[in-house]
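Only one structure is covered here, and it is reproduced in the block below.
Each value in this text was obtained by applying a stated rule to the coordinates, not by laboratory testing. Computed from a predicted structure; not experimentally measured. In this analysis, Cβ positions are derived from the backbone assuming ideal geometry, glycine residues included, and neighbour counts consider all displayed protein chains.
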Protein chains: 2
Amino acid sequence: MTDQTPLITAYDWVPDFAQGHVRDLRVRWALEEAGRPYEVDLVPQGSQRAAANVARQPFGQIPTLRDAAGCLFESGAIVWRIAERSEALLPTDPGLRDKAFCWLFAALNTVEPPVSMLAVLDIFTRDREAAQRVRPDIVSAIEHRLASLQSALGENDYLVGDFTAADLMMVTVLRNLTSSGLLGGFPALHAYVERAMARPAFQAALEGQLATFRQNATRYAAAE
Amino acid sequence: MTDQTPLITAYDWVPDFAQGHVRDLRVRWALEEAGRPYEVDLVPQGSQRAAANVARQPFGQIPTLRDAAGCLFESGAIVWRIAERSEALLPTDPGLRDKAFCWLFAALNTVEPPVSMLAVLDIFTRDREAAQRVRPDIVSAIEHRLASLQSALGENDYLVGDFTAADLMMVTVLRNLTSSGLLGGFPALHAYVERAMARPAFQAALEGQLATFRQNATRYAAAE
């Protein structure tokens, strides 16, 4: 590994429901699209709050990126910085770059919050019965956002001309809805997600994350 | 108004609980810190989904910004673009700018989601009893994030040296917790929020939003 090789952090293993959905996937995908080889520093489950990890990620999370340009945390910041240096992820026109910048924030701060809330209700809330009673309000909020997004996408393949970092981010958010079936009501969005996930760079990124989990599965077998 | 004067969008009125918390506050605050005079195009309540508004904001929301550099939506994107052009909101050192960039995303994508979820449970959920039963899990998630944030802030006044766009964003998120009392358990964060809110630019931004609501209150009196 040279000083120039990007080094990202990822977990060595996560439970089944999270496999293929951990946020290092966003960074892997961006690096794969940009054609930049990278190394992965694995954070063992349970060591998130170790001093070394908190020093590079204040919330003890992954992913982070270290490369010749410095250290970054938060998948949104990392993906954007990668994108700024790759025509595979952003157009050269400043106005279109700004449009992609806005859509990247829309993915993370307008679409993802209700999508995450649904995951919290369906997976992490201890009072299952109460969670199911709250659920319809959140589903309604998500459907409102999806309707606006589908309308904005229109007949286009991607949000801003060709595939950009904004699509990368939006699709990683939308595919978290797969098990809920909510995308079924929005065929153009369903096709949009399928289109992006068919990209070789996405497939390589996904396989990278899953391969690590397979390699470490036996060590965590008791937890499953 | 010249072509160079930034034009933002904001609502002409919102119900009491939202007054002082609508997201144009972030953009007003950034422009006030940067010393850039601006104009406000008011979106009447109920007209969010009108074609003219959706054309500039795909989800029919506010704020947007139009200036000589183009049109932007999403408060995160707008505030960052304003900050890049003002030393009042970002240091000149590239490494420190990157750090602020990461913290801006942390505010919007790590801290805000559980804070917003609490607001959904406390204000918008129709099944009040179920919402209160889900609440402890969300409070716990928020407290974990606040503990990490307070630790990262340490003895410093702000997240990255002097006040930056990252603090602007983080404080607009944290002050939404005021009514919950959760900041009381994190005295350094409480002081951080008070410190930022004491800035003249914040006060001017807040007064700008509230003055509009006062001026239009009688028109919406029946709704209150």
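Quick notes on this one:
- Placing unit charges on each Cβ (+1 for Lys and Arg, -1 for Asp and Glu) gives chain A a dipole about its Cα centre, and among A:Gln48, A:Leu146, A:Val160 the Cα reaching farthest toward its positive end belongs to A:Gln48.
- Close amide H partners of A:Thr64, meaning residues 5 or more places away or on another chain with modelled amide H under 5 Å apart, are A:Thr9.
- Shape call, the protein assembly as shown: gyration tensor on alpha carbons, a/c limit 1.5: rounded
- When only Cα pairs below 8 angstrom with a gap of at least 6 residues are kept, chain B shows a relative contact order of 26 percent.
- Both numbers refer to the Cα atoms of the stretch A:60-117; Rg and Dmax are 12.9, 37 Å.
- Per-residue mean of C-beta atoms belonging to partner chains within 10 Å, peptide A:96-106: 6
- Of A:Cys102, A:Thr178, A:Leu189, farthest towards positive along the dipole that unit charges on Lys, Arg, Asp, Glu beta carbons give the stretch A:101-224: A:Thr178
- Each residue of the stretch B:128-139 was assigned a 3J(HN,Hα) from its phi angle through the Karplus expression (A = 6.51, B = -1.76, C = 1.60, θ = phi - 60°), giving 4, 5, 5, 4, 5, 6, 7, 3, x, 5, 6, 4 Hz with x at Gly and Pro.
- Taking the three principal axes of the alpha carbon atoms in the stretch A:126-224, the coordinate ranges are 47, 41, 18 Å, sorted in descending order.
- Highest mobility in the GNM of chain B, judged by mean-square fluctuation with C-alpha springs under 10 Å and restricted to B:Pro91, B:Pro200, B:Pro63, is found for B:Pro200.
- Assigned charges on the beta-carbon of Lys, Arg, Asp, Glu; chain A dipole about Cα centre (debye): 460 debye
- Shielding of A:43-49 by partner chains, average beta-carbon count, 10 Å: 0
- Using a Förster distance of 25 Å, the FRET efficiency for A:Gln132-A:Glu194 (Cβ separation, nearest 0.05): 0.30
- Once you reduce the stretch A:185-203 and the stretch B:155-224 to the center of their Cα atoms, the two points are 39 Å from each other.
- Cα gyration tensor shape for chain A, rounded if a/c is under 1.5, else prolate or oblate: oblate
- Mean silhouette area of the stretch A:10-137, derived from the convex hull of its C-alpha atoms and averaged over all directions, reads 9.7 nm².
- Tensor-based shape of the stretch B:1-45 (alpha-carbon gyration tensor, a/c under 1.5 rounded, otherwise prolate or oblate): oblate
- Relative packing of peptides B:15-28, A:100-113, B:150-163 - highest average C-beta neighbours within 10 Å first: A:100-113, B:15-28, B:150-163
- When the helices of chain B are scored as -39500 (n - 2.57) per DSSP H run of n ≥ 4 and the total is divided over every residue, the value at 222 nm lands at -15500 deg cm²/dmol.
- Shortest first, A:Asp122 label-point distances to identical copies amount to 2.7 nm, with the label point at 7 Å from Cα along Cα→Cβ.
- The dipole here belongs to the protein assembly as shown: it is taken about the Cα centre, uses +1 on the Cβ of Lys and Arg and -1 on the Cβ of Asp and Glu, and is about 540 debye.
- Annotation for the stretch A:9-24 versus the stretch A:41-119: alpha-carbon center distance of 15 Å.
- Between B:Pro58, B:Leu7, B:Pro200, the Cα set farthest toward the positive side of the dipole of chain B (charges on each charged residue's Cβ, about the Cα centre) is that of B:Pro58.
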